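S.K.: Take this structure first; my questions come after.
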Amino acid sequence: MERLKSVQHVIVVLSGKGGVGKSTVAVQLALALRAKGKKVGLLDVDLCGPSIPKMFNLEGQSIHQCSEGWLPVYVDPEQKLGVMSIAFLLENEEEAVIWRGPKKTAMIRQFLSDVHWQDTEYLIIDTPPGTSDEHISVMENLRAFNPDGAILVTTPQAVAVGDVRRELTFCRKTGIPVIGIIENMSGYMCPHCSECTNIFSSGGGEALAKEAGVQFLGCVPVTKELAAGVSAGQSATQLPSVPAIEKVADRLIALDKDLP
Amino acid sequence: MADVPQDAPEHCPGTESDSAGKSSACQGCPNQTLCSTAPKGPDPVILEIQQKLASVKHKIMVVSGKGGVGKSTFTAHLAHGLASSDTVQVGVLDVDICGPSIPTIMGLEGEQVHQSSSGWSPIYVTDNLAVMSVGFLLKGPEDAVIWRGPRKNGLIKQFLRDVDWGELDFLLIDTPPGTSDEHLSVVQYLNGAGIDGAIVLTTPQEVSLLDVRKEINFCQRVELPVIGVVENMSMFVCPKCKKDSIIFPATTGGGEKMAADFNIPFLGRLPLDPRIGKCCDEGKSFLEEVPDSPATDAFKSIIEKIRDYCSKRPVNKDTETGEAAAQS
């Protein structure tokens, strides 16, 4: 894991629940940190459902090697935001990765040990839902590197919060600090009458944060731009920034300054 | 050879061969010990499961590549819909080991599994609707299942072999997102018993379809018939002004185009009614609580198509689903 030594901060984006917006939050956080002048890496360890390359319109790109290891695929010519994902290793984006746990574990280990992140300041790791092979592997391999912590993403309703509660247990058992909980898809404003409807209930994320004694990092409402993800031909770099996630980025940078 | 792993040494005899682990080509292979000591041939538990599930007429998997599209919500309401006639016996098996949502959605939070001499007893929602989930084995809401693949597979095997369902017309299997251990295990363990097909859930936007296409690819590769695609969260109807709006735009044609591209049936669209999420949180059937919602009509129409598909299937045929998966 020598190559990870050059990375200053590692943040893992987790949820117990699928479809709550982990990848969206990871992408937005990466963009927010880059906008504040940081060099960012984004590692997608969702091997069955890798979303990150599509979000930056990077499909079809390949991984290149240099003498120091695998190079991330850069979103920008200034190389301030690099991405790594299994999607870059697939010949056909419809091809399913039908791997059992041990093979997934080996791939994640390779991603963590072989990628030359150069002097990345913030490495954000996007994970699939759950508390299984991918998550255990990431934690085991990161243990020596003191990750900054985990950001947990939930939607407001009980079904999601239930899974995220289990993810908090996972964080406790694996010893990763919890930076906080973001509540995504928190309300939708009708474009016709401006009525805000809680399409996925309300308040669950904040209540969970309080119950668990962790920081509540804010709400992100459903907006058409974020919900669309990225339409063909567009990149996430063209999306408007999300205020709640900007605040999380500020918070991470402030935490850095507080360290001796 | 189908049983030669991708990264096997040259001249690998195949993991199922009699000389697996013993031939000269095996020297230095990291799997050598495993191959030379592991038993060959089909897993005997497959026959046990076939016998146990002989009293189940139709088995349906509910899948998606993508998380959060409504698999568990759909499975629960499909179950409620099928069980609305009390002569129809329905079972729901939740194989989402890390994120079991079914107990909450079906109003069974806090229930615990009991064992009897005939196996594990499922938990009954009504006389004709039974459920099994890892959720019933957990000590409390904070209890997390932090297991690697092999352990998850062991539990799935137990669920399929040991649950005493009795006579069922339908067994619905709710899965987690992805194409990994849980999905492979269900398909492999049901190789003898057979699966009628899979219902593929998606939401309209491309970031979902990207993952769901992979799921359809998985179904093709393991020879699991696809009953059809359901597109969830298609449209939102404002409870105040009653006008439609689209939250998750189908910029690349949505579920219907994807189904057409793969030449599989499109079963229909489900609108996003905020009361669905509320019912799920409260463990109630949306179909009963809000019978006049357009979403209820849409659910019922889709359920009818699924019933129709199953009625044309031979009951409990010894299918060869999972041949390809057995090699994985």
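All of the numbers you see were taken from the coordinates with simple rules; none came from a lab. Quantities reported herein were computed from a predicted structural model and do not represent experimental measurements. In this analysis, Cβ positions are derived from the backbone assuming ideal geometry, glycine residues included, and neighbour counts consider all displayed protein chains.
S.K.: Report, as an integer, the average count of C-beta atoms from other chains found within 10 Å of each Cβ along A:121-129.
M.R.: That works out to 2 on average.
S.K.: Among B:265, B:103, B:314, which one shows the highest mean-square fluctuation when chain B is modelled as a Gaussian network with alpha-carbon springs under 10 Å?
M.R.: Among B:265, B:103, B:314, the largest GNM mean-square fluctuation belongs to B:314.
S.K.: Over all residues in B:137-147, what is the mean tally of Cβ atoms on other chains that come within 10 Å of each residue's Cβ?
M.R.: The shielding value for this peptide is 5.
S.K.: Among rounded, prolate and oblate, which fits the range A:1-81 when a ≥ b ≥ c are the square roots of the eigenvalues of its C-alpha gyration tensor, a/c under 1.5 means rounded, and a/b larger than b/c means prolate?
M.R.: rounded
S.K.: First measure r as the distance between the Cβ atoms of residue A:116 and residue A:215, then evaluate 1/(1 + (r/R0)^6) with R0 = 30 Å and state the FRET efficiency to the nearest 0.05.
M.R.: The computed FRET efficiency comes out at 0.35.
S.K.: Shielding by partners for B:67-73, please: the mean number of other protein chain Cβ atoms within 10 Å of each residue's Cβ.
M.R.: 5
S.K.: Taking loop as defined by DSSP and a crowding limit of 13 other beta carbons within 10 Å, which GluC sites (Glu not before Pro) in the range B:1-84 fit?
M.R.: Taking the range B:1-84 and a limit of 13 other Cβ atoms within 10 Å, the loop GluC sites (Glu not before Pro) found are B:10.
S.K.: As an exercise, use a Förster radius of 41 Å and the Cβ-Cβ distance of residue A:234 and residue B:18 to find the FRET efficiency, rounded to the nearest 0.05.
M.R.: The calculated FRET efficiency here is 0.15.
S.K.: Same structure, new question: How high is the relative contact order of chain B? Use alpha-carbon pairs under 8 Å, at least six apart in sequence, and give a whole percent.
M.R.: Normalised by residue count, the contact order of chain B is 21 percent.
S.K.: With an 8 Å Cα cut-off and a minimum separation of 6 or more residues, compute the relative contact order for the range A:114-246 in percent.
M.R.: 20
S.K.: Based on DSSP, what percent of beta bridges with both residues in the protein assembly as shown are antiparallel, to the nearest 5?
M.R.: 20
S.K.: Okay, next question. Tell me what chain A gives for mean residue ellipticity at 222 nm when only DSSP H runs of n ≥ 4 count, each as -39,500 (n - 2.57), the sum divided by the residue total, rounded to 500 deg cm²/dmol.
M.R.: It comes out at -10500 deg cm²/dmol, rounded to the nearest 500.
S.K.: Expressed as a rounded percentage, what relative contact order does chain A have, with Cα pairs under 8 Å and six or more residues apart?
M.R.: This gives 26 percent for chain A.
S.K.: Oh, and also: Taking chain B as the reference, fit the longest principal axis to its C-alpha atoms, fit the long axis of helix B:294-311 to the helix C-alpha atoms, and give the angle between the two in degrees, 0 to 90, nearest 10.
M.R.: Compared with the principal axis, the helix lies near 40 degrees.
S.K.: Once you have a ≥ b ≥ c as the square roots of the Cα gyration tensor eigenvalues for chain A, tell me rounded if a/c is under 1.5, and otherwise prolate or oblate according to whether a/b is larger than b/c.
M.R.: Because its axes are fairly even, with a/c under 1.5, chain A counts as rounded.
S.K.: Using only Cα atoms, tell me the angle between helix A:243-258 and the longest principal axis of chain A; keep it within 0 to 90° and round to the nearest 10.
M.R.: Value to nearest ten degrees: 60.
S.K.: Provide the net charge surrounding residue B:292, with neighbours chosen by a C-beta distance below 14 Å and charges set as Lys +1, Arg +1, Asp -1, Glu -1.
M.R.: Once positives and negatives cancel, what remains is -1.
S.K.: Further question: Would you mind telling me which residue in B:253, B:28, B:119 has the biggest mean-square fluctuation in a Gaussian network model of chain B, where springs connect alpha carbons within a distance under 10 angstrom?
M.R.: Among B:253, B:28, B:119, the largest mean-square fluctuation in the Gaussian network model of chain B belongs to B:28.
S.K.: While we're looking at this one, here's another question. For a quick check, take a GNM of chain B with Cα springs below 10 Å and name the residue from B:47, B:190, B:78 with the largest mean-square fluctuation.
M.R.: B:47
S.K.: So what is the calculated 222 nm ellipticity per residue for chain B, using -39500 (n - 2.57) for each DSSP H run with n of 4 or more, over all residues, to the nearest 500 deg cm²/dmol?
M.R.: Helices in chain B give a 222 nm mean residue ellipticity of -10000 deg cm²/dmol.
S.K.: Any chance you could give the angle, 0 to 90 degrees and rounded to 10, that helix B:71-82 forms with the longest Cα principal axis of chain B?
M.R.: So the helix axis and the longest Cα principal axis differ by about 70 degrees.
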